[in-house]
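In what follows, a structure is listed as structure tokens, so that the remarks can point back to it.
The values are calculated or read from the model by the stated rules, or taken from the named source; none is laboratory data. What you see is a predicted model, and the numbers here were worked out from it, not measured in a lab. Every residue, glycine among them, receives a Cβ derived from its backbone with ideal geometry; neighbour counts consider all protein chains shown. The protein model used for the area step is the full one, side chains on, heavy atoms only, and it has no ligands, DNA or RNA in it. Shrake-Rupley method; radii C 1.70, N 1.55, O 1.52, S 1.80 Å.
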Amino acid sequence: MTLRLRIIIILLLGNLFFLNGQNKDVSIENFRKKQFDSLKKSFAQGYMKSPQEHKKTAFLLNKYASTTPEKITAYKALGYVYSLTSNRDSTMFYLSNRLKLTKRYYPDSKEYNDALLDYVNCCGSFIDTTVITELLTSAMAKTDIKTNKEQFSLMCLFLGQIFFRDKDYKKAEYYYNRFFKLSEKKLPLEDFYRLKIDLYLAQNDLKQAKKYLENSTKLGEKITKVSLSSNLIQLGNVNYKLKNFKVAKENFLQSLKIQNQNKYKDLKSQTYLGLALLEKIDRNAIREKKYLDSAKTFYDDNLYTLREINKAYADFYSREYDFDNEILYTDLYTKVVDSINTTETIQTKLKLESIYQLKENKKQLALQNNILYKETKLKRLYLISAFLLLLFTVVIFWIFNKKYKTQKKLNENQFSLHEQTLKLMQENQRTEIIKEKIKAKMEERGKLSLELHDGIANEIASLKISISSEKELDQAKIESVINKVDKLYNEVRNLSHDLDPDNIADVEFSQLVNNLCLITEKNGLKTEKNIIISKNVDELDENVLLNMYRILQEAINNTIKHAFATEVKIDVIESEAELYLAVKDNGKGFSNTTLKSGIGIKNIQKRVNLLKGICNISNSSLGTTVAIRIPKNQLQMKVA
């Protein structure tokens with residue numbers, strides 16, 4: 001990655017980072033925080049112009065940093081100044097520490113991605129590409145491209161650089177194009193063209209390289225004069241290789257003109273060398289020698305340029321049959337090549353050493369972490385053992401103490417217990433006597449109620465039916481007799497029910513249902529009950545409870561008297577929206593006429609209507625089911 005592009009990325013990431021979240025309203029008491037924020041602001045404003053001078057500011061930031069976010073900021077500042085002053089080891093130290101902190105406290109976050117991008121941008125050239133690729137692809141998989149488009153695009157750029165370094169040019173081009181698209185063309189066009197030019201030159205795709213070089217020369221004010229001059233030199237070299245010699249010469253002369261106008265000297269050596277090669281094609285030895293001498297005069301300490309100059313001189317003197325100078329420049333050419341090879345070997349060695357050291361550091365760190373983990377685990381085991389021992393001691397003491405107190409209390413209460421036992425026996429005797437009396441009274445009242453209901457009431461009902469069937473009587477008299485009989489019948493039933501021992505207001509509704517179940521069992525029916533109601537049912541108005549009780553009572557009485565059933569099932573179920581009452585038997589059922597004209601059925605319907613419910617009576621040879629559904633929101637509660 002070029003220094004220009006690296007600095008652009010540092011500016012892009014750094015300024016956003018350092019100027020984000022500054023607290024303008026710092027309290028006087030918080031001196032440390034005030035100092036930290038002041039140093040952070042000062043560093044952000046000047047570290048790019050004078051990184052060496054701001055190194056002290058970065059160290060002070062690290063000194064005043066207390067919280068994890070502040071420590072991350074300080075490490076970033078130190079990493080930047082060392083990167084801009086070309087101190088590789090210190091750059092790696094601080095930016096890798098920052099990466100570890102963000103990974104620990106802010107994994108898979110924007111902060112972690114920023115730290116990773118800085119680490120790759122400043123240290124990527126001397127880190128194993130496999131490691132960088134793994135870090136970047138892992139981060140990209142966890143990054144939301146919609147909310148973190150800028151970070152994602154920079155990851156694409158770095159991956160493109162890595163694949164370019166590994167000579168995987170197809171992947172490099174894919175990620176370059178993706179970066180440029182996602183960055184919404186915020187990167188200067190000349191830098192994007194530079195990426196593409198380097199990519200195609202590396203593949204020796206001269207036509208594509210020429211295309212982007214020509215495009216770069218048409219950017220006008222969007223490209224610096226230095227870059228324009230450099231690109232024209234490269235375009236000249238490409239046209240020379242494509243044998244477009246005339247165009248190549250125009251490129252070199254145009255570049256030379258820009259250099260002279262702006263007093264640039266660093267690129268003249270390469271320009272004159274290109275012109276000398278073209279004069280060689282034209283076989284103009286005088287001009288070729290003149291351009292070679294100019295190239296040598298403006299030599300800019302670039303070994304690669306010097307190599308080509310010496311090679312061109314050796315070739316020139318060979319063609320001029322000046323063997324002494326040919327040998328001289330051939331020796332100079334060889335020495336420069338050796339210097340280049342030595343330099344490249346040293347750089348490769350340093351890179352390999354750096355990669356090896358990084359791997360060794362990782363191994364050492366993993367070993368230290370393993371030792372630390374084992375020590376922590378051992379300490380934890382010691383603490384757990386000590387805690388369990390203490391807990392065991394406390395439990396044993398508590399058991400013995402409780403046993404002692406219990407024994408003491410038993411001893412103290414043993415005497416009083418004997419006296420209480422005697423009193424309890426006396427009370428139990430009195431209670432048994434009262435129970436027997438109550439039981440006898442209840443049986444007597446129940447028997448009386450049964451006799452009145454099943455004997456007298458049935459007789460009167462029979463009389464009613466017989467009188468109703470007499471067609472000779474006057475209709476008015478018949479109705480009068482029926483009304484009197486109905487009144488007498490209802491009075492007898494009321495008398496029977498009044499003799500019943502239960503009181504709606506004082507007994508839980510579930511107990512009332514249980515009592516009805518007892519009646520069916522006493523009449524020889526196998527009874528299954530399903531009572532699922534809450535205490536809220538008992539808070540309903542007394543009339544509501546009475547109507548529900550009468551509905552169940554009427555349905556059960558019909559089963560006992562008329563169904564000739566052997567089994568009955570009674571359901572009282574409360575749901576969130578309604579109360580469900582049902583009586584189901586396995587009797588013979590009844591006719592549709594009885595269903596329409598039966599008094600008991602009509603009474604059930606009336607009571608259901610009062611409760612604004614729904615009554616469904618199903619009848620078949622397999623039995624009868626009376627099912628009632630009452631909406632809870634229609635039921636009245638007790639008045640406090």
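General remarks:
- Sequentially through region 153-165, phi angles give Karplus couplings (6.51, -1.76, 1.60; θ = phi - 60°) of 5, 5, 4, 4, 4, 5, 5, x, 5, 5, 5, 5, 5 Hz, Gly and Pro residues having no value and appearing as x.
- Taking 0.36 nm per residue of separation and subtracting the current Cα-Cα distance, fully stretching the chain between LYS526 and ASP506 would add 4.4 nm.
- Euclidean distance of C-alpha centroids, region 165-220 and region 407-428, integer Å: 102
- Within the accessible area of region 235-312 (1.4 Å probe), percent carbon and sulfur: 49
- The residue list LEU552, SER534, ALA565 was ranked by how far each Cα lies along the charge dipole of region 525-619 toward its positive end, using unit charges on Cβ atoms, and ALA565 comes out on top.
- Candidates TYR112, GLY220, PHE93 compared by Cα position along the dipole of region 92-240: farthest toward the positive end lies GLY220, with charges placed on Cβ.
- Computed from label points 7 Å out along Cα-Cβ, the spacing between LYS149 and LEU518 is 8.0 nm.
- Percent of Cα-Cα distances greater than 28 Å, calculated over region 48-185: 20
- The length gained by stretching the chain between ASN177 and LYS379 to full extension, at 0.36 nm per residue less their Cα-Cα distance, is 67.3 nm.
- Cβ-derived FRET efficiency at R0 60 Å, PHE31 paired with LYS335, nearest 0.05: 0.45
- Each residue, PHE400 and GLU250, gets one label point 7 Å from its Cα in the Cβ direction; the gap between the two is 10.9 nm.
- ILE346, ILE604, ranked by accessible area, largest first (probe 1.4 Å): ILE346, ILE604
- Using Cβ point charges alone (K and R +1, D and E -1), the dipole size of region 90-197 about the Cα centre works out to roughly 160 debye.
- When the alpha carbon coordinates of region 206-251 are projected onto the principal axes, the ranges are 30, 19, 12 Å, largest first.
- Subset of LYS602/LYS632; LYS249/LYS290; LYS110/LYS363; LYS249/LYS289 violating a 18 Å alpha-carbon distance limit: LYS602/LYS632; LYS110/LYS363
- A simple spin-label model places the labels of SER621 and THR297 12.9 nm from each other, with each point 7 Å out along Cα-to-Cβ.
- Packing rank of 63-69, 511-517, 390-396, where each peptide gets the mean count of other beta carbons within 10 Å, highest leading: 511-517, 63-69, 390-396
- When only the Cβ of Lys, Arg, Asp and Glu is charged (+1, +1, -1, -1), the dipole of region 39-105 relative to its Cα centre reaches about 180 debye.
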